[in-house]
Every structure is written in C-alpha cells, then in structure tokens.
Amino acid sequence: MKNPFTNGVIKHWLACSLVIAFMTLNAQETKAQNIINGRVNNSSGEPLVSATINNKRSKKATATNSTGEFSIAANMGDVLEISFAGMRTQEVAVNGPGAITVTLNASDAIEDEVIVVGYGTQKKINLSGSVATVSGKTIAQRPTPNIQNLLQGRVAGLDVVQSTGEPGRDNGALRIRGLGSYGASSSPLILVDGVIGSINNLSPQDIESVTVLKDAASASIYGARAANGVILITTKKGKAGKNVIDYNGSWSTSEATAYPDLITNSVTYMEMYNQANARSGRALQYTQAQIDLYKNNPNSEQYPNFNWLDYVLGKGPIQNHHLGFSGGSDKTTYNLSMNYLDQNSITKGYLYKRYNALLDLATQVHKRVKVSTNINFSFQDAKAPWLVNDDLLLLAYASAPTFKPFLPDGSGRATNRDFAGNTSGNRSVEEVYNTGGQFTKTYNVNAQAFAEVDVIQGLKWLSKAAVTFYNQDFKNRQFASPSYAYQPNAGGVYTQVANGNPTYLGLRQTSTRNITKTFYSTLTYSKTFAVDHTLNALAGYEQQNNVSTNLDGARYDFPNNTIMELNGSTGLNQTTGGGSSDWALQSVFGRINYQYKEKYFLEGNIRRDGTSRVDPKYRWGTFSGGSVAWKISGENFLKENVSWVSDLKLRASYGTLGNQEIGNYPYQEILSLTSYPYTGLNSGALLTRLVEKNLRWEKTAVTNFGLDLELFKGLFGATVDLYKKNTTDILAQRADLPSSVGLTAPTVNAGAMVNTGIEVELRHQHSIGEFTYGASVLFHKYKNEVTKVLAPTLGTFEVGQPYNNYFLYVWDGIFQSQEEIDKSPKQPSSGVLKPGDLKIKDISGNGTVGPEDRVRYSRFPDYNYSFNLNAGWKGFSVTAFFQGVYGQDVQVGDWGYDPFFQGSAPPTKFLNAWTPANPSNTIPAVYLRGYSGVSGYASTYFLQDASYLRLKNLYLSYTFPQNIVKKFASQGLIVYLSGDNLVTWTQYEGNDPERAGSGRFAQFPQLRIYTAGVSIKF
Amino acid sequence: MKTRYICIILVAVVVTGLLPSCNKSYLDKNPTDAISNGAFWKTDADVQMGLTGVYRRLQSGFFGHYKLWLDTYSDNAYDRHSYFNFGELTQGVVNPGNVSGNFYNAPYQGIAAANYFLDNVEAAPIVEADKNKYKAEARFLRALFYFDLAQSFGGVIIYKTAPKSVDDSKIKQSTKDELLTFIHEELDFAIANLPDVVYAGHAVKGSAQALKANVFLLQQNWAQAATLAGEVMTAGKFLLYQGGYQNLFLTPTQQANPEIIFSTKYLAPNNPQGGEGLLVEIGWYGAINPYQNMVDEYEMANGKMITEAGSGFDPANPYNNRDPRLKMTIKVPNDPFINPDGSVFQHSDPLLTGFTQKKYLDLTKLPFDRSKIPLTDQNIIHYRYADVLLMYAEAKNEATGPDATVYAALNSIRSRTGVNMPPVDQLLYNTKDNLREFIRHERRVELGLEGHRYFDLKRWGLMQAKLAPLKNPGGTPLKFGELNNVLPFPQGELDKNPQLTQNKDYK
C-alpha cells in the first residue's frame, strides 16, 4: 500500500462502469422462448400475491398478480425460482408448456435464514462467528420515536441505555459486550447499507434487518473501526411484483414514567429549611413572620402549597405517519417511503418534527449488470427551551412550594422566588420558557450508488460510491423577560428580582457540516468443488474520508424578541468563529470461507487499514480473525439417532480489531491559535500540550466460544456465547505529568482492560391449532477488569478491578444520641457530629473510620436481561416485551435528594427524618448539602440500586381477515394498541431507574407512551 | 461472448490499475485551524505571534480578573461564593488539598509559554535588536510569573528552559533566595532591553523596574527598592491619572492611561474576561464582600481616622464625609446601583457583610446579568504609578526615615483630582514607625480590592494580627497560622514529582 488512493478513483470507476455496461448491453438474447403460465399458492391453497418468479437462466423475473397467477418467458429445461417473504424458496424446472402450480411452504427459518454480514450475506445456520440479527418487523413493533432505542433488549450482548425522554435528544448509548475503552470511543460502528450513516435517518418501517457483529472474527473485516462491534442496518428494498402502497399511522400520548414526591406543604418546607440552616450554623432562610403568613392563610392563592413537578410535567402527544410505495417489474424494483414524526414533550417548550424519506431503486441494465441507488434523507426540526434535559427539570425541583409560576394578581408576570430579599434557588421554568429557545435543524443524507456485475459464473464484482452528508443549523436565541418575587413588598408592590436571566441576550448561530465520502469495491467468488467442498472468497478495497466544518456567529443587540436572524441586529460586539477538521482511512480486506459437507466451517477475515490519525510511521495496521464451527447435527450418528436435534453447532473464533476513534490529530505537535489585546486584538500561538508522536490506535482481541441449538424444528432453541474481549494500548494521559510543566499531559497508549462475558438466548415457539405462542429470553452478564493503568487511583481505577469503581464509606445508620457518637469509632466527618448524622462503618475495626474503610462498588451491572412473550390466535396477537438490568448501582445527589439544594424541597420521606422525637435509623436529620455530618464525604448514603425490570412494551394487534379487507381493495389491515414502559419494578426511589449513570438525581423523565395505530396495504 | 469477457476483465484491470496512481496525500491530514510547530518561527510575524501566546497566559488564574479575589484572603473582604475556598483558608484551615490550584498552575502555564518562546526564538531569523526586545518581554513575564510563585510558596522548581520530557520535569525545588536571584537576573535583562516608553500593552522598562522594586520590597532591601521606584519617578513616563480615581478601572479610560504601568488586558467581545467576568461575578453575584473593618479604614474627608478625636464621624450616617475613595471602591448600603430604567439593581444573593466591591464595575453596563459576559473587558492592573509612589514611600521611610520626598509621594496620591484628601499630618506621622503605619494605611486604601493586600500583609508579617480581630459572616473568627505564610504544594504535585518536598509544617 505504498500508493494511497484519491477521490479521483470514484470518477474513474463510474466512467469504467458505464463502458462495461455499454459493451455488455450490446449482446442480445436471440433464442426463441415460450411463455409459461402458473400460479403460486400457500399450503392452505390460498393464492400468494406478489410472489417473485425468477428465471435462473435468463435472469428475468416477474411476480404473481392478485390472484396468485404469473406468466414468464422460459425455455424448456429452464429453472424457475419462486420466492415469497416468509416462505421457503422453491425451484421448479420447466418441463413442458403447461401451467405450473407451485405450493410454497412456510419457511423453516432455521434452514433458510440469510443474514447480512460484512460486505455480503451468509446463511445464518452456517455462521461460525458470533453474529446476531433483529428483524425489521420486531423493531417496528415498538412505536417509539427513537430508532436507536428500539434495539434495547433485542440482542444479547448489545446493551442500550436511554438516558432521557427528551424529544429529539433521546439517543441511547449503545455498548456491545461492555465498556470497550476508557480512552477512545466505546460506541459501535454503525453502517447503513454498508456505509457510515445516521440511524435516525430511517423510520422503523424502513428497516429490513439489523445485524450485530459481536466477535472479532466477524467484525475484523471492518478492521480499525470495529473494536466496539459493528451494527449493520439494511433498509428495505423493492421486490418485483405487484405495486404495494402501505400506510402506517400511529397516535400516542406520552407522560413521565416516574418523578419523586417532594414536600409541597409550604409551612413544612419553610420550617424544615430553617432547621436545616440551623443545623449547618447558617442564617435562617425564613423569619417567623414569613412562616406565619403561610400558616395563617393555608393553601391560599397568595400563600400556596404548590407542586412544581406536577405543574411542569404533563402529557406530550406524538404522532407518526409512514407512507410507502414499493414494487417493480422483473428488471426494475423500487421502494419509496416517507415518514413524518411529530413529537411534543411532556414539558412545555419543545416540539420535535422528523421527516424521513427513503428511495431505493435497482435496475438490471444487462443480464449481468445491476445498478442500484439508495438514498435516505432526514430533516429534523427541533425546538427546545434554551436550558434542556436535567438542566431544565432541576429548575422545577429548585422552586419552592411557596410560590406559583405567575404572580397572584393575574397579570401573567413570571416569578422566581417567594420573598424578594431571600436567597433564591435557581431560575424558574417559566422564566426559561419565556426568554427564548434553541432551534436545531438537522439535515442528513445518505446517498449511495452501486453496480453489481456477474463477471463469470461464481464471480461477482460490486462497487459502491456513497456520500453521507450532515448539516446542522443551530440557533440559540435569548432575551430578557422580567420576573418577580411572589410576595409583594411592604408597600404592596410586586418587585422585580433578577434571577432567570439568560446566559446572554441575543442570537448565537452555529452551522455545522460534515461530509463522508466512501468508495468500495469487492470481488466475491463462490464455487463448490467435488460436491462437498464449498469455497467463498472476498477481496476488496475501501477508502473514505471525512471533512467537517463549522461556522458560528453571535450578535447581541436586537431591537425586539422576535427577530431570529443575525442581520436583524446592528452587529455591536458581534463575534464569529469557525473551524474544520478531517480524517481519511484507506483499506484492503479479504475473506475466505470454506465449508465441507455443510458440517465443518472455516472462515478467515483480514483487513489492512491506514489512517490519517496516526503518524505516517505507524499508520498502517493489519487486523484479522478466524473462526471454525462444527455442525454436529450434520453428522450421521446424530442425524440417525437423535432426529429431534434439528441443529447443534459449536463455534470458536479469535480475532483482533482496532479503535481509531482517538481524535483527529492526536500525534501532531500543534500550536493553538489564541489572541491577546495589546491595543487591538493580536493573534498569538501557544503550545498547550505535550505530544507523544508514536501514538497509535487501541487494539482489541476477542476470543469467542459459541453454541447454537435447535430442537424439534424450532420448538426450542438456544444460542450461547462466551467471550473474552481484551483491549490493549488504551489511550491514557500521562497523569504523572507535574503541573509545573505548565502543559496538558501527552496522550499515550498505556492502558488495558478485559471484558469477560456470557450471552444466552433461549427461544421457544409453538402452535396448537390456530393458537401460536412463543417466548424468548436474552441474558448478558460480563465482568469488566482493568488490567493495566498508567496512573492508578486507589479505589476507583486500579489493576484487577472494574473500571471507575465507586469508592465509598459505608453508611450504617443514624447516630441516635451523643453517647452513641462518643462510643463509636471516630467518624470521617470533619465537623462536630450531632445526633441525626450518618453513622459510618469502621470496616477495619481499628477504632477510626478512615480512608482505609472505604469500599469499592462497581459501576457495571451484574447482568442485563430481557424476555419477549408472544401469542396469537386467528388475527389477534399479543406481545409483551420485558427488559431489565440487575445490580446497577448509581451515585446520585443534589436536587430532590439533598434537601434544600438550591432551595429544592426534600422528598416526602424527610417528613420521617430523624428528630430527637423520631429516632429514625434510615433518614438523617434534615441537612443542607455540604453539611459535614452527611455530605462532607462520599458514602453509600448516596449510592442507590438502580436495578429494574420493566414491561418495556405491550403490543396488541388485530389483523383483519383477507375476505374483509378485500372488500375495500386492501391487501391487509392491522389495527394495534401499544404501550411503552408500562410497569416498572425497582428499588430505586422516586425517579426512573433507567438513567445514563451517576450524577444528578433530577433527570428528564423517561416516557410512558400509549399508542393506537393502524397499518393498511393496498 | 468470449471477447466480451475479455473486455470486462480488461476494464477491471485498467480500473484497478488506476487506483494506486493517485496522489500520496490521501492519508496526510493536518490540523486546519492550528499551526504545526515545524513550520513556525520563520518570520518576525511568527515570533510576535509566539510572544502574544505568552502574554495570553496573563489572563489565567490570579493574573487575570481573579486577581481581585486575592483580597478575600486578607482582612479586606469575604469570598462570598467560595470561588477559591478562601473562606476556609481564612479560618486557618490550609492543607495540600484545599488550596486553589490557581496559585501553582497558572504561573507555571505562563512560565511554560515563556520558556517555549525563549527556547525557539533564539534560532528565528529576525533582526537582533527586535529579538532582544521580544526576549526582554518574555523574560519580564517569566519573572512576573515566578515572583507570584515566590510570594505564594517561597522556593519552587525553576525551569529556565522547557523540560524535554515528563521525566526531565521531575526535579527539586530551588530555595526562595535562588528564585529571587533568578528573578532579578531576568529583570535586569528586561530593564536593559525594554524600551523606555509609556505603557500601551507590551511590557516597557518601567514595568520591569516596578516589578523589581516590588521584589526588593519583599526582600526588605529598602534602599534598592527606593532607588528602583525613584528611577521610575524621575524617568517621568508615568503620572497619576487626574481623570477620576474610579475611572482608572474602567475600560474606556484605561486606554493610554498615564498611570498604568502594567496590566492584564482584555478586549470585548472576542477576548472578554474568563469565567463569567467581574460584572456578573462581582457586580451581580456580589462575590467579594468587604468587611466592616476595611470600610472603617477610610478616613474622614478631613483626613482624620474615624476613631480619632474631632473626626466628625457620625455613626448614624457612617458613609458621609469620608475619603471619596470609599464609595469609589466599595458599595455601601445607602448607595444603590440604579438600572437605566430607574429601578434599583438587585444582586442575585444577599450581601453577607452588607458591602460589596464597586471598584472595577462599569455602572453604565447595568443591569449586570449574563448578557454582559462578552462585554466585560476591564484591564486588571498589576502596577500603576500610585503603587510605585507607595513603594517608594515605604522603602524610603524604612531606609532613611521620613523625609520630604516620602510625604510628597503620599500627598500627591491624596491630592489626586476627585480624591482631594488633605496632606499627611506631618506632626502626627513624624517618626519612621508612625509613618510606617500611615503608609500601610494609605496603601490599603489606595490599592483596596485590587488584589495586593494578601501579599502585602504576608510581606509585613501582619496576617494573623489583622485577621484575628475579624469574624466571617457566619460568626467564625478568622485566623492565619504562622506556617501559612507559604502555601503547601498541591498533594497531586508531590505524588507526581518525588523530588519536590513539601513546605515545612505541611509535612
């Protein structure tokens, strides 16, 4: 690879493709042909509409009409291949001029399922690596807005955590087989139809299948990008046959799954706040006169007991419409679809609209040449308050129950505190709603064109050129709006108090553009020798480059609050900025796949990648993997003796992968541009970091052992995989760089981490008469262990332990009396202990609770699991999908957890807090954050078990019988009801346990969504 | 048929053959918005950019606008929002874990920038005279950074060139004397090579002389300090600004101001102060709350202390008839900020001492809210001519006792237009000891809330004496332990560099 390649390649290739196409088109088929008629039925004799009939010799294809009939040109002796989705494909030889009747049987999924793998497809049953798939049908069953989250609980080993229910910002975090790195990215590579693309460009109905390449043997064909696994998304393609119009509409309402009960009685709140202040030795928040006002006028308009969370969190309607057209002739197929999503939030201030379009077009331009294009597009139009997510929600927590959002005089003026002179908590939500917003318009286009050429028998050449385009226009507009103290001053006048001020007044606009150009070309060869030996080989070349640019500007001086463009301002004090970055990757790769008698399987993958992100000396790296499998059920001794074992296969694989998500220019010694105003602003250049030149990508080796089992032809099935994923050369900062060097530390390849895990998938599917039912269970457990650290930190980051443990004092109850304090081991609190403070366990038993008494708690869950139950009878079907995490600890605090943090009301459990009269051993005396007796040190008081099991989705549908739908010319009609996040079982107090991890207790809630929908086909 | 296959294969071969013909740069990607070191240091413009990078470090830590917070580690004011934990430090709780990293990190970032510049400028093909001037500026800045370390920690590690690797950087600290000697060397070079002109942003000869005078003051080398300060005075490049004391601290009147000798500069909107800027932090949040003790330091307009007989101090109207600098420095309770719409500006939080800092606040930018962040660009003064006069008075008085030049220096400050305080009472402050007290008083008043008090009190050994009578707003008495005259090195730094030894008493 001495001579790297350029974009020019794509042009050459396109030109050449045209030449080939032109030359090959000159050949004409001249032989006379007969027209053969026929009919395709299912096993119960009903006609199959739009079944595909393909003449294997002439490559011509057609489809059955609405009565299941077809006609096709064929010679004597030609073989027709008849296929229909969900049915087993049959081949029929043309033996005479008479009509042919073909009966297709429901496909035996186990035998025939073909799945997408890297740069190709394979029969699932012949896989030797660890690969899982999810069908588009399964994905579309949960009508929730974000597609990424639909993968949650569907693949053993793929853990998805959705951290928020915020419209348009609810992308889940995907992790395949645990945390892959702590230096570079841990996100899997996501490819849409083989090219880097945005998953949000697709609507669930557009997805044909999702394949997850979990082990290194399967993923090594993607080399330096595949360390965290690969997710291959395949969009639906048109099928030859009748044109189908398909409409799917759903209407939903969403609400918060959970939010805590905070104290809303104002008098209780005020008195408790004073107690907490007194305990910390601070000035009281409220005077007795102020408290008396609330005491004497309980729950009046002027002296309310207001529940801010109830006020802020409401219902958000969602609707989604999908319209698809697909079909085609024997030469050309198409699939065209459009999707519109309109999602309101459960809070004010949001509106999210997503428009998707998909176009897939394929044409057989010659019997050996097929050209296709696939374009998907999305436009996301999101409006949000200028503070979002938990930054927004915590404002509701921080608002005291002593005031309402607007002044009691009905003037509509917003408020931000009770009494003008008192310390306030934070802004109020209404102030944020009223002072601007952020507006994000995001455009995504994934466009690709490709040509497949049957060069000679068994040899195929495919070339693809693709562009992924991303453009985002972001505007953050803020303006001032006065807000007031809820209680009037002594003169009876409402006074304005500044608190909800925006972060600036004006408009900031950022335009970001990102273009990835990909080109690849593959040759595949497939041949069977001497009946029993089958060889598949693949060789390919790929290059891609990415350029991202941004431009931003801000102006501050606007004549009114409605102008949304920079030019509407005078430009006083305006600022501008902009930048760009780029990377490129160049690769060759290959695969050899050999099988003997469909019993013994061998596969090898190799890829050589060169990346712009690494110094030229170390730029090229080779990644490879191999796998073997033995299908025991193919052996005669099993076939003959235990026929109920339909499939039994053992797999083993090993391979190496890279992670090039290490930043764009990590190895280069660069001077940052800066400025300093001697008089006017002058440009400056400054070295800010030390650089390690020989920096390289991270490497991951995965060993995998697997077992596939099917009993009684699909009645029971199981897949089990054991893996060990060893990541080395993890990027880490030289943490031992003294600050006296005055530069940031160099990044070096220094760390290592191992994830060891087991994935289990169990399946059961059965039918009794017209009643069908099934169940499946997924289970994933892994252990994370740091095996090498450059600069260990005791307790949290050390060899032999999971990454980033919590390292906490163990909370062991509440001190009930001074005597108890006096006779207990010395506590870690730096202040004077009082009864009602936390009691911390002296683990070492040396009489003093010191740093040695801290205990490690893992951040990783014990296991993830999910199960799916389905049942069907005639047209009715029901699916219940449960998903859970066990043993997940999170460390939380602040709003809604620590009483009166920024004035936030404590949870109602503090009504039972320790007092001399109420000797609680579970809730400490009301305190302020920072109070030494509770939060002066990190303890398990702040550690919560966020394990949960939830009914993620319940789906009920009714499919109308054919004889009814035919009356209005429809080919299918389904109505359904669906519920998301319906029930949750958890120990986690007050809020939703499904959260991104540790941090603020106050979260933007997850959504419970009730949906009604209809799907109709013409 | 056959020819067609040949055709296809031919084309395939040609296409494949074309692929490697492309240019070699496909994988060579360089940062598009930064400069690669290899291509730099070739022209005068490059060198100037490199020098500007060193100046930029003035905006970090206590060299930038956070310098003003240093007064909250003294008897002047309270760190209302605990920006730098000074509330705890002024209770005598000082340990390797609770001291702001700014004390250590920011000067070393500046030193790294200066070293990097000085290491590279030598080979740059530019005019030698210019090179010496640039080097003098960088060495002045390096001295400024090291002097800050010397005042905070005593002896520290000296890097005269940038360490080449992480391992090279782990060396022993020098003693305070070695450090001060090095600083003098730096300043001697700077004084010899900097232009003797007025200050406009680049360091000038006077800047280096003022700093050197300050170093001598720390060393209690009174004669030398007086000489250096006197040289600045006789050179006549700097003057007391007569356009209003409060305007010394406001951007428009800081430009070409004859009094400013060296400052950290900002420029709105593209280079405003870091953090949220002092209009928000001090103006809105009220982050710096002066103690009553500081307010009481201000004389009556008649030149008498408020406790002095016949001062005319009226406890009912405590802020009337006071030294005008009081209300130009501190916002007192009956002096509200008025918004442009006539309403009274409200601070975000109650003022815990009843007072808040006013100096450096541009009241034309009211109301102070976050929209003012990009507009906050007051230059933070390190040395101004009044400071030089005060240094002269202090040094001269210590060296030779009171003389006319000492009184003249003090009186010129007091008679500034708009301040118009009566001359020093020469009968009352007639001895070295008496006058010393007065000079210290005048220094506290004139330079109040400018970030000098912490280092001044330490230099005078008066921290504990001045803090002990005070209580913080929570009622806790203030305290300053003897050992706190030097700060402890951060624990992380000791862990990373085993050669560094902790300052005594923190071990």
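Tell me the angle of helix A:8-25 to the major Cα principal axis of chain A, expressed in degrees between 0 and 90 and rounded to the nearest ten.
30 degrees
Given charges of +1 on the Cβ of Lys and Arg and -1 on the Cβ of Asp and Glu, with all other atoms neutral, how large is the dipole of the protein assembly as shown about its Cα centre, in debye to the nearest 20?
So the magnitude is around 4140 debye.
For the protein assembly as shown, build the charge dipole from Cβ charges (+1 Lys, Arg; -1 Asp, Glu) around the Cα centre, then report which of A:G930, A:G120, A:P616 sits farthest towards its positive end.
The residue sitting farthest along the positive end of the dipole is A:G120.
Could you put A:H766, A:H366 in order, starting from the residue whose Cβ has the fewest other Cβ atoms within 10 Å? All intermediate terms of the calculation are to be shown ahead of the outcome.
Values: A:H766 13, A:H366 19.
Ascending number of Cβ neighbours within 10 Å: A:H766, A:H366.
Given a cut-off of under 8 Å on Cα pairs at least six residues apart, what relative contact order in percent is computed for segment A:173-304? Display every interim value, and only then the final one.
Numbers: 126 pairs, mean separation 24.5, N = 132.
Here the relative contact order equals 19 percent.
Give me the net charge for the shell around A:Q888: Cβ to Cβ below 10 angstrom, other residues only, Lys and Arg +1, Asp and Glu -1.
-2
Counting only C-alpha contacts under 8 Å and six or more residues apart, can you give the relative contact order of chain A as a whole percent? Walk me through the numbers before you get to the answer.
On the way: 2788 pairs, mean separation 109.6, N = 1018.
Once divided by the residue count of chain A, the mean separation gives 11 percent.
Find, among the trypsin sites (Lys or Arg not before Pro) in segment B:134-226, those assigned to loop by DSSP (not H, G, I, E, B) with at most 14 other beta-carbon atoms within 10 angstrom. Walk me through the numbers on the way to the answer.
On the way: sites: B:K135, B:R139, B:R142, B:K160, B:K164, B:K170, B:K172, B:K176, B:K205, B:K212; in loops: B:K160, B:K164, B:K170, B:K172.
When the trypsin sites (Lys or Arg not before Pro) of segment B:134-226 are filtered for loop state and at most 14 Cβ neighbours within 10 Å, B:K160, B:K164, B:K172 remain.
Give the order of B:E185, A:E430, A:E208 when sorted by the count of other beta carbons within 10 angstrom, beginning with the fewest.
B:E185, A:E208, A:E430
Helix B:44-56 sits at what angle to the longest principal axis of chain B, using alpha carbons and giving 0 to 90 degrees rounded to 10?
The two axes meet at around 50 degrees.
Could you tally the net charge around A:G850, taking each other residue with its Cβ under 10 Å from the Cβ of A:G850, Lys/Arg +1 and Asp/Glu -1? Please list the in-between numbers first.
Values: positive: A:K826, A:R854; negative: A:D842, A:E852, A:D853.
So the environment of A:G850 carries a net charge of -1.
Which whole-number percent gives the relative contact order of chain B, counting Cα pairs below 8 Å spaced six or more residues apart?
Computed over chain B, the figure is 20 percent.
Output the pairs from B:K67/B:K304; A:K874/A:K1017; A:K404/A:K952 with a Cα-Cα distance over 26 Å in this structure; if there are none, say none. Could you put the intermediate results ahead of the total?
Numbers: B:K67/B:K304 31 Å; A:K874/A:K1017 19 Å; A:K404/A:K952 35 Å.
Those over the limit are B:K67/B:K304; A:K404/A:K952.
Once the dipole of the protein assembly as shown is set up with Lys and Arg at +1 and Asp and Glu at -1 on Cβ about the Cα centre, which of A:V49, A:G979, A:G437 lies farthest towards its positive end?
Result: A:V49.
Cut-off is 10 Å between beta-carbons; in what order do A:V645, A:V455, A:V429, B:V204 appear when sorted fewest neighbours first?
Going from least to most buried by this count: A:V645, A:V455, B:V204, A:V429.
Between beta-carbons, use under 12 Å as the cut-off and find the net charge around A:S939, counting Lys and Arg +1, Asp and Glu -1.
0
How large is ³J(HN,Hα), in whole Hz, for each residue of segment A:542-548 in order, when computed from phi with the Karplus curve 6.51 cos²θ - 1.76 cosθ + 1.60 and θ = phi - 60°, using x for Gly and Pro?
So the J values, rounded to whole Hz, are 9, 9, 8, 9, 9, 10, 10.
In degrees from 0 to 90, rounded to the nearest 10, what is the angle of the helix A:389-398 Cα long axis to the longest principal axis of chain A?
So the helix axis and the longest Cα principal axis differ by about 30 degrees.
Quick note: the coordinates plus some simple rules give every number you see, no bench work behind them. This one's a predicted model, so the numbers in the text were calculated from it and none came from an experiment. No Cβ is skipped: glycine too gets one built from the backbone with ideal geometry, and neighbour counts run over all protein chains shown.
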